[in-house]
1. Using modelled backbone amide H atoms (1.01 Å from N, in-plane), which distant-in-sequence or interchain residues come within less than 5 Å of A:Ser157's amide H?
2. Enumerate the helices in chain B for which the Kyte-Doolittle hydropathy averages 0.0 or more and the C-alpha atoms extend at least 18 Å along the helix's axis, using complete DSSP H runs.
3. Could you work out [θ]222 nm for chain B from helices alone, using -39500 (n - 2.57) per DSSP H run of at least four and dividing by all its residues? Round to the nearest 500 deg cm²/dmol.
4. Which of the listed residues, B:Leu87, B:Ile12, B:Ile172, is farthest toward the dipole's positive end in chain B, when Lys, Arg count +1 and Asp, Glu count -1 at the beta-carbon?
5. Once amide H atoms are built 1.01 Å from N in the peptide plane, which residues 5 or more positions from B:Asp231, or in another chain, come under 5 Å H to H?
6. Taking the mean number of other Cβ atoms within 10 Å as a proxy for protection, how do you rank B:172-182, A:38-48, A:83-93, A:130-140 from highest to lowest?
7. Give the aspartates and glutamates reachable from A:Lys243 as a straight Cα distance under 16 Å; neighbours fewer than 8 places away on the same chain don't count.
8. Which cross-chain or sequence-distant (5 or more) residues have an amide H under 5 Å from the amide H of A:Gly215, H modelled 1.01 Å from N in plane?
Amino acid sequence: MKLLKSATLAAAMFALALGAATAQDATKVRIGTEGAYPPFNFLDSAGQLQGFDVEIAKALCDEMKVECEFVTQDWDGIIPALLAGKFDAIIASMSINEERKKSVDFTGKYYNTPPAVAVPKDSTVAGVSPEDLKGLNVGAQGSTTHSTWAEKVLTDSTVKLYPTADEYKLDLENGRLDAVVDDVVVLSDWIKSDAGKCCKIVGTITPVMEIHGEGAGIALRKEDTELKEKFNAAIQAIRANGKYEEINKKYFDFDVYGG
Amino acid sequence: MSDAAFVATAAIPSAAPPPSPRKHWTGSRIAGTLLMGIWIALGIGFAFLIVGGYDAEKVARYLPRIIGGVWVTVQLVVLSVVFGAILSIPITLGRLSYNWVAAPLAFGFSYFFRGTPLLAQTFLLYYGLGSFPDLWKSLGLWWFMREAFYCAVLAFSLNTAAYQAEILAGAIRSVPRGQWQAAASLGLGRYATLRKVILPQAMITALRPYGNEIVLMIKGSAIAGIVTVFDLMGETRYAYSKTYDFQVYLWAAVLYFLMVEVLRRVWDAFEFRLTRHLRRDAV
């Protein structure tokens, strides 16, 4: 009897917790981000989310007058987690491309920077063309536009896929990789830091529209059209009122919004 | 009358076994049938999901990669288990010895590799030890440390060696001391005793835990994904990140299941062979 009672209690509490978690509060938006992609989104030494994406997200939430809550999620599973309702929007430097548009909807871009290739300082690699990288070990983070580019374009190189950017950085530093591909801002931010002094940027890649898309946008579930419009309006608003520029200046000495 | 009267001329025909008692629908029988029914229903549902979600394009695009992943998993597991087994022999000897050098060394090895996660061991070996390329180059071992696959096999071998040594040492300890003494009294040497008397008995005890360890390795090898070795799980995650279709995990589940099932049958055959002296019908 006692067992039955506590089981009922547990079930009731579970249902309550579930109800609380799924209750749609119109003024609360849960934002998914990776937290491992400096300088766009990362965890600082205190375990707090920081970065350009995070500050843009906060500015957008202020603009929309909603309360935002951040959820960190591995990159691999970030779209499935959005679709499963773990959060309502992805603000994690996600490139807007055709492949992803099949499953999610995007706002307009909130920044656009080109991809680049980094190599060790003493490397003889002279450019970023498939010929320059022929026969070499090239690293990229898996499930990214950069990995798609590497697999599609660098057909004569060995492409290695890593779970996060941290790991390919380690392998470029220790010489297992001859080159890595990622966003130019991510690579240059790393190279400027102590950890990245092993390496240099050899050049940027001309984005391929089908692979790289028009830039980074906010990903949403397809049915959330209202939220998408609110985000789009908020992006326009912070572009117009100088908030975007303020955040841009804090992180970069050039305009990341792109042409 | 001669002695012939005492010689049997015909075998007594074997009588039919008594009829088995009628089975009644007892509570436990009903419960068992119901539970079995649930399992069968789940199996049918699973098959239905796979067949219903069949998408020729996805199958053509990702199934070959996933099958390739199965091959990588098999290589990882076979190599690691074999190297681990070889390495486990000296560790077992250390675990069974009272030598003040060998015993603590073997204990420390097993303590460390069983006490820390395989994920951490693989990461430390590949990224941690891998961050000293100059050292490895000067030792002439960089060709080894450079390759993610070799590092994964090394990490898994060390890990499974610790577990296998514990299994083997425990099984040898489980053979009564009297067996050693009896063998000694027959004039058998220590090595012959171990090989002919102790190990055959110890292996009966060790067989199932060994099988368990390999099953765990099959599934644990998914960790290789963090060091860029794309095994079955790695390829599945790759396909999932492209399709967002959980179908691919169902395929992976079926493939893992098949691997474990093959292993289970091989293990049944081993057990049949090892316990042949314990069966009454075996002549």
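No value in this document is a laboratory result; all are computed from the given coordinates. These figures come from a predicted structure and were not determined experimentally. Virtual Cβ from ideal backbone geometry, glycine too; neighbours counted across all protein chains shown.
1. A:Gly135
2. B:27-52, B:56-96, B:102-115, B:148-174, B:199-220, B:247-274
3. So the calculated ellipticity at 222 nm is -23500 deg cm²/dmol.
4. Most positive-ward Cα: B:Ile12.
5. Distant-sequence amide H within range of B:Asp231: B:Gly225.
6. The densest-packed peptide leads the list: A:83-93, A:130-140, A:38-48, B:172-182.
7. Answer for A:Lys243, where 16 Å is the Cα cut-off: A:Asp53, A:Glu55, A:Asp62, A:Glu63, A:Asp253, A:Asp255, listed by chain and number.
8. A:Ile96
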